[in-house]
Amino acid sequence: MKDIKDLNDFSVINIFNDEECVEIINSVDGNSDKLEVSDSYGGVEISAYEIPITKLDYDVFKLIRDKVSCLTSLTLAQSFIIKYNSDLLSYMPAHYDFTTVSVIINLNTNFNDGGTHFPLLKHTHKAQDYNNGDALVFKADKLSSIHEALSVTSGTRYVINLKFDEKRNFFNFVWNFIKLSLSFSYNKIKYKI
């Protein structure tokens with residue numbers, strides 16, 4: 001398989017089959033006491049109910065780790081699963097990932113609405129248009145990569161979030177900080193915060 005850093009922006013690839021997706025979802029639900037809204041992956045204001053893959057059952061963690069390790073030569077900076085539904089948090093506001101490449105793996109498609117929306121590009125990626133286990137791969141180091149998780153109106157959406165990065169230097173840190181500030185400014189305008 002081609003290194004994901006070399007794929008076209010907004011490529012869709014398959015990572016998990018249906019059985020593996022069910023196994024991962026069952027592990028998330030079996031460890032639901034470990035789901036939390038936290039600032040571990042950015043800030044509470046851009047968080048949802050998340051669980052690091054390291055807190056899943058060992059066999060499921062190993063399955064994800066083994067599948068992910070062959071995707072790219074980039075460093076895996078973050079890996080977690082988000083559970084969206086109307087009883088928990090149904091969406092995530094627009095944000096910027098601070099990474100080189102981001103991967104959003106939809107583990108299921110049996111929910112209504114939802115999706116990943118890129119407001120500056122006026123583009124929405126809907127999981128229901130693809131298969132369970134399909135992943136959206138995008139270059140997350142561009143301002144246009146600001147994205148949001150749209151509200152799930154019924155059912156539950158399970159997503160694995162992977163963020164890959166190159167080694168950072170001070171210039172990259174400052175540039176990403178500026179882009180993050182722009183992301184928050186966009187949210188203030190959009191949501192009139």
Taking the simple approach of a point 7 Å from Cα along Cα-to-Cβ for both Asp33 and Ser73, what is their distance in nm? 4.4
So which of Lys5/Lys122; Lys67/Lys142; Lys122/Lys163; Lys34/Lys142 end up more than 30 Å apart, counting from Cα to Cα? Lys34/Lys142
Neighbour cut-off at most 16 other Cβ (10 Å), DSSP loop, trypsin sites (Lys or Arg not before Pro), the range 55-134: Lys122, Lys126
Just to verify a number: FRET efficiency for Asp57 and Ile13, C-beta to C-beta distance, R0 = 22 Å, to 0.05? 0.30
Given a 1.4 angstrom probe, what's the average accessible area per residue across the range 1-117, in square angstrom? 46
If R0 is 22 Å, what FRET efficiency do you get for Leu143 and Glu166 from their C-beta distance, rounded to 0.05? 0.80
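The values are calculated or read from the model by the stated rules, or taken from the named source; none is laboratory data. Here the structure is a predicted model, which means the values were calculated and not measured. Cβ sites come from the backbone with ideal geometry, for glycine too, and all protein chains shown count toward neighbours. Quick note on the areas: whole protein, heavy atoms, side chains included, nothing else; ligands and nucleic acids left out. Shrake-Rupley method; radii C 1.70, N 1.55, O 1.52, S 1.80 Å.
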